[in-house]
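One structure is given here, and the rest of the page talks about it.
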Amino acid sequence: MKPSILPRILALVLACAAPAFAADGHDHAGHSHAAKITGPNKGRVLTELEPHAEFFVTTDRKVRLTFVDDAGKPVAIPAGFTATLVTGDRAKPTTLQFAAEGEGAGATLLSTAALPEGQNLPAILRATPEAGAKPVTIRFQINLANCGECSRPEYACTCAH
């Protein structure tokens, strides 16, 4: 008597389907993946910096950096912190400098000029966490279009897409 092929086919189908379920963005053991971090102004939190810094574009297209603790609460600007942002047209980039505004835990760094024209700008933030430290380079897109799901600008979107 020949063994049935049905159990083999079923085993093959299940083996192929398991990676598809694991890749759907959920941990099926009851834990979901960490959500994207948001800052006090609902901007993008740059976790590459320590302390983390919220990147936020103001209504007048200036960039505000607000330093936050692990709970997302504002903290003082680290002593000796410097940053520049290069953005805009690659053939003629715009470099933004930052100046301190406010004091203590409420202090932020605000760009001294506005972002150039455009809704989707390449950006390179070069930050030195403290005097003498190695600079940190962060590359990302500043997409100012609103997300259809969370209504935030795409650069600060918290959706899973």
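The values are calculated or read from the model by the stated rules, or taken from the named source; none is laboratory data. Since this is a predicted model, take the numbers as computed values, not measurements. No Cβ is skipped: glycine too gets one built from the backbone with ideal geometry, and neighbour counts run over all protein chains shown.
What the table shows:
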quantity: Scope the range 83-115; condition in a strand (DSSP E or B) and of a type in the set (S, T, N, Q); matching residues; calculated: T84, T87, T94, T95, Q97, T108, S111
quantity: Residue within the range 116-138 that is more than 29 Å from A160 (Cα to Cα), in contact (Cβ under 8 Å) with a residue 40 or more places away in the chain, not small (G, A, S) and not in a loop (DSSP other than H, G, I, E, B) present; calculated: yes
quantity: Complete set of residues in the range 63-76 that are of a type outside the set (D, E), within 19 Å of the chain's Cα centre (by Cα) and either at pLDDT below 95 or farther than 15 Å from L125 by Cβ (or both); calculated: V68, A71, G72, K73, P74, V75
quantity: So D60, is it surrounded by fewer than 14 Cβ atoms within 10 Å (Cβ to Cβ), at pLDDT 95 or above and either touching a Lys or Arg at 6+ places or on another chain (Cβ under 6 Å) or of a type outside the set (S, T, N, Q) (or both); calculated: yes
quantity: Filter pass, T95 being at pLDDT 95 or above, more than 17 Å from the chain's Cα centre (by Cα) and exposed (fewer than 14 other Cβ atoms within 10 Å of the Cβ); calculated: yes
quantity: Conditions (1) over 23 Å from I37 (Cβ atoms); (2) among the aliphatic types (A, V, I, L, M); (3) not in a loop (DSSP other than H, G, I, E, B): number failed by I142; calculated: (1)
quantity: Members of the range 139-153 found to be in contact (Cβ under 8 Å) with a residue 12 or more places away in the chain, more than 20 Å from V86 (Cβ to Cβ) and either exposed (fewer than 12 other Cβ atoms within 10 Å of the Cβ) or of a type outside the set (A, V, I, L, M, F, W, C) (or both), listed by number; calculated: A145, E149, R152
